[in-house]
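The values are calculated or read from the model by the stated rules, or taken from the named source; none is laboratory data. Here the structure is a predicted model, which is why all the values come from computation and not from measurement. Because the Cβ atoms are built from the backbone with ideal geometry, glycine has one as well, and the counts that use them run over all protein chains shown. Note: accessible area is taken over every heavy atom of the protein model, side chains too, but ligands, DNA and RNA are not part of it. Shrake-Rupley method; radii C 1.70, N 1.55, O 1.52, S 1.80 Å.
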Amino acid sequence: HRDLHSFPTRRSSDLLILLLTTLFLVEGVYLTISSMAFWLKNSDGLRSIYWRLMGMSDYPLSIYPKTVQILLTIIPVGFMAYYPVDILLHQHSMVYMISIILAGPFFFALSYFIIWKVGLKHYSSFG
C-alpha cells in the first residue's frame, strides 16, 4: 500500500505522461470506430459496444479470464486503464514503460490513418 502524499515527483511526471497517452489512445480508438462509418453508414452500435467494454476497465484485468484479458488488451482497454495504473503502482523497467506508453497509441494512430485514407477513397454520400 502506497501513501499518495509521498508520491515522488518522478511518479507525478509519469502520471502526466500516462494521462496524456491514455487521452490520445481513447480519442484514437473513438476516431477509428467513428471512421468505420465510411462502410457501415452508422457506427453508433460499435461506439456503444466500445463504451461498454471501457466500463470493464473499472476493474483490474487480472480478475478476468485469460481470453478476456487478451481481448481487453487488443481493444485496448488494458492500455487505457490497467497498464497505466500498474506502471504507477509497481516498479518496472524503462523498456516496459516506454513500450506500454507507445504501443497502444501508435497502433491506433496507424489504424485510424489507414481506415481514414481507405475510407475517403470509398466515400459515398448517404441520404
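Some observations on this one:
- Boolean, T22 is at pLDDT below 80, open to solvent by less than 40 Å² (accessible area, probe 1.4 Å) and among the β-branched types (V, I, T): no
- Screening the candidates H92, H122 for the property of being more than 11 Å from the chain's Cα centre (by Cα), more than 15 Å from F24 (Cα to Cα) and open to solvent by 80 Å² or more (accessible area, probe 1.4 Å) yields one hit, H122.
- At least 2 residues being within 11 Å of the chain's Cα centre (by Cα) is the threshold, and among the helices (runs of 4 or more DSSP H) wholly inside the range 19-79 those reaching it are 44-55, 66-74.
- Test: M54 is at pLDDT below 80, under 30 Å from H122 (Cβ atoms) and not aromatic (F, W, Y): no
- I74 open to solvent by less than 30 Å² (accessible area, probe 1.4 Å), without any contact (Cβ under 8 Å) to a residue 40 or more places away in the chain and β-branched (V, I, T): no
- Residue within the range 105-116 that is open to solvent by 40 Å² or more (accessible area, probe 1.4 Å), among the aromatic types (F, W, Y), in contact (Cβ under 8 Å) with a residue 12 or more places away in the chain and under 23 Å from S12 (Cβ atoms) present: no
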